[in-house]
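Step one of this worksheet: look at the structure below.
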Amino acid sequence: MAKITFITSENESITVESNSGSVMELAVQHNVKGIDGDCGGVCSCATCHVHVAPEHFEKVGEASEIEKDMLELDDNVSDYSRLCCQMEVSEALDGAVFHVAK
Amino acid sequence: MKKSEFPDPFKEARESKGFGEMDDQNDPVTMLLRLKDVRKSAHNWKTFQSGATPGRIVVPSEVNIRDTRQIPFEVDPPLHGDYRSLVEPWFKRPLDPAYQGKLCKIINDIVDEVLEKDTIEVVSEFSLKLQSRALTLLLNIPYEESETWINWGTHVFRSDDSALDGDKASILYDYIDDQIEKAIENPGEDLYSMLLASEVNGKKLTKEEIKGVMILTFAGGRDTVINAVTNSISYFAEHPESLRRLQAEPEIRGKAVEELIRYFAPLTHMGRVVTEDTTVCEHAIKNDSRISLCWASANRDEKVFENPNEVVLDRKINPHISFGFSHHNCLGATHARQIMNILLATLAEKVKSIDILEAEENIEEWGEFRRKVGFEQIKVKFNAN
């Protein structure tokens, strides 16, 4: 099981556990505010944009080129931006902290 | 060629120069064809504005047939964001399970209806009815009102011989004026009443502003939803194995919805007015001229999509822009996605196969490009599962 923490723009902290699916699905299941996942996870809407806490960025790694293109024009983008729909939940993500961008 | 095949007419121009040119009532349009260019331009609202003369960003231009500004569509930031945040929660209601339950009933009923018949014409007897009935949920008004809209026919704003018919458009505008007056006299829980009770930047919305929101709601989701639904029926008619797959693997339904919407791109393009001399793809574009953001071309960009001209039902990475991009992305997308999702579930459950008996394509002409966007009519037989 991986323990993952979301911090909303209102500073609410939500820690959840899972072992499969995408990080976006996990956030939507737990009603994390600011993660909409409108497109269901195919990288076409950028409504699941998060900033990975820098110390955890190694756990998730770099975005793909298509994801980077998508993020490039999103508001409030940083070097630690990722789309949740493009991150699979696994043991490797245990302890990761994601700050919701919206 | 299969009836459900929708060719890409933009390929050569997209690859060789990145843009196309067309004349629209002596107000020419430079069509942007590559996904990255379309996204960047959609995002750059200062250079490519939406808040121009009402009707001018639409292609073909509606400047000669309307004065009412569609809201929030024809407004730029920051005011755009104020309007958008007012209407956004309302247009997200399709995420509510109770809403989905009602939509599910509407779609189940209409599929049951057509399964009883020998043949039906999908555009007028299925898609138009489905769209009109579903719209009563989005406006939160009685189901019976859909009968009025069904009677208007597929094109409220167009007649058979003209893409721009002012007389026809005025039927819709007069109707909306009446509905606003009725909601003033007798406020309820509907969209008109919500808008009448709302303020933006400390000021009540005017009737003209409310009319602008309502015209957009009616116009934006009419032929787009009708095309998405009709074209999907044609696809399943020629790919019964896809219906069986959706039945066996319901978890891919969301991806299938996105893929059908990418492939069909129900709205070909949308314009912007240029506010300064600029260039796109090394092509000079003059201040106060128009560009269009060609969603249909961008969705087939081979630099982004593998096998762009195939429907890959479970396409995992699918950065399509059928719902537009950036600030002005489609307000009705949540409703449209729910319609498509429930439609796919219902067809997979109830329909074994669909036979196409007769079909007439709807071909759009944009300068040098001829694009199939849907069907004028398509007669089919639905066979029960």
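The figures follow:
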| item | result |
| --- | --- |
| Cleavage-rule hits, GluC sites (Glu not before Pro), chain A, DSSP coil, Cβ neighbours within 10 Å at most 13 | A:10, A:12, A:62 |
| Kirkwood-type radius of segment B:187-250, with distances r between different C-alpha atoms, in Å | 15.1 |
| Segment A:1-71: radius of gyration and largest Cα-Cα distance (Dmax), Å | 12.1, 31 |
| Cys with no candidate disulfide partner in chain A (beta-carbon separation under 4.7 Å rule) | A:43, A:85 |
| B:133, B:245, reordered so the largest accessible area comes first (probe 1.4 Å) | B:245, B:133 |
| Total charge dipole magnitude, chain B, about the Cα centre, Cβ charges on Lys, Arg, Asp, Glu only, Debye to nearest 20 | 1260 |
| Gaussian network model of chain B, springs between alpha carbon atoms under 10 Å - residue of B:320, B:43, B:283 with greatest fluctuation | B:283 |
| Kirkwood hydrodynamic radius (C-alpha pairs) into Stokes-Einstein, chain B, 37 °C and 0.692 mPa s, D in µm²/s | 152 |
| The protein assembly as shown: calculated mean residue ellipticity at 222 nm from DSSP helix runs of at least 4, using -39500 (n - 2.57) | -11500 deg cm²/dmol |
| Alpha-carbon Debye profile of the protein assembly as shown, log10 I(q)/I(0) at 0.14 Å⁻¹ | -1.60 |
| Accessible area of chain B belonging to carbon and sulfur atoms, whole % at 1.4 Å probe | 48 |
| Solvent-accessible area buried by pairing A with B, both sides, nearest 100 square angstrom, 1.4 angstrom probe | 1400 |
| Descending Cα extents along the principal axes, segment B:237-385, whole Å | 59, 33, 28 |
| Exercise: per-residue mean of other protein chain Cβ atoms within 10 Å, B:246-252 | 0 |
| Loop-located trypsin sites (Lys or Arg not before Pro) in segment B:1-86 whose Cβ has at most 11 other Cβ within 10 Å (DSSP) | B:2, B:46 |
| For residues of B:312-325, the mean tally of beta carbons on other chains within 10 Å | 4 |
| Chain A, dipole about Cα centre (Lys/Arg Cβ +1, Asp/Glu Cβ -1), debye to the nearest 20 | 260 |
| Exposure of residue B:167 as accessible area (Å², to 10), given a probe of 1.4 Å and all protein chains | 120 |
| Fraction of accessible area attributable to carbon and sulfur, segment A:2-100 (%, probe 1.4 Å) | 42 |
| Extension reserve of the residue B:143-residue B:189 stretch, reckoned as 0.36 nm per residue once the Cα distance is removed | 15.2 nm |
| With all protein chains modelled, accessible area of residue A:35 [1.4 Å, Å²] | 10 |
| Magnitude of the charge dipole, segment A:1-54, Cβ model with Lys/Arg +1 and Asp/Glu -1, debye to 20 | 120 |
| Signed unit charges on C-beta, dipole axis of the protein assembly as shown, positive-most listed residue B:197, B:313, B:136 | B:313 |
| Residues of chain B: accessible area per residue with a 1.4 Å probe, Å² | 42 |
| Sparse-neighbour loop sites [chymotrypsin sites (Phe, Trp or Tyr not before Pro); segment B:70-159; at most 15 other C-beta within 10 Å; DSSP] | B:143 |
| At least 50 Å² accessible surface lost relative to isolated chain, residues of segment B:330-352 (1.4 Å probe) | B:337 |
| Segment B:287-366 shape via C-alpha gyration tensor axes, a/c threshold 1.5 | prolate |
| Whole-number percent relative contact order across chain B, with pairs defined as alpha carbons under 8 Å at least 6 apart | 27 |
| Within 10 Å of each Cβ in A:64-73, the average number of Cβ atoms from other chains | 3 |
| Dipole of segment A:2-100, positive end: most advanced residue of A:93, A:76, A:45 [Cβ charges, Cα centre] | A:93 |
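The values are calculated or read from the model by the stated rules, or taken from the named source; none is laboratory data. Remember, predicted model here, so these are calculated numbers, not experimental data. Heads up, the Cβs are rebuilt from the backbone with ideal geometry, glycines too, and the neighbour counts pull from every protein chain shown. Just so you know, the surface numbers come from the protein's heavy atoms only, side chains and all, with ligands and any DNA or RNA stripped out. Shrake-Rupley method; radii C 1.70, N 1.55, O 1.52, S 1.80 Å.
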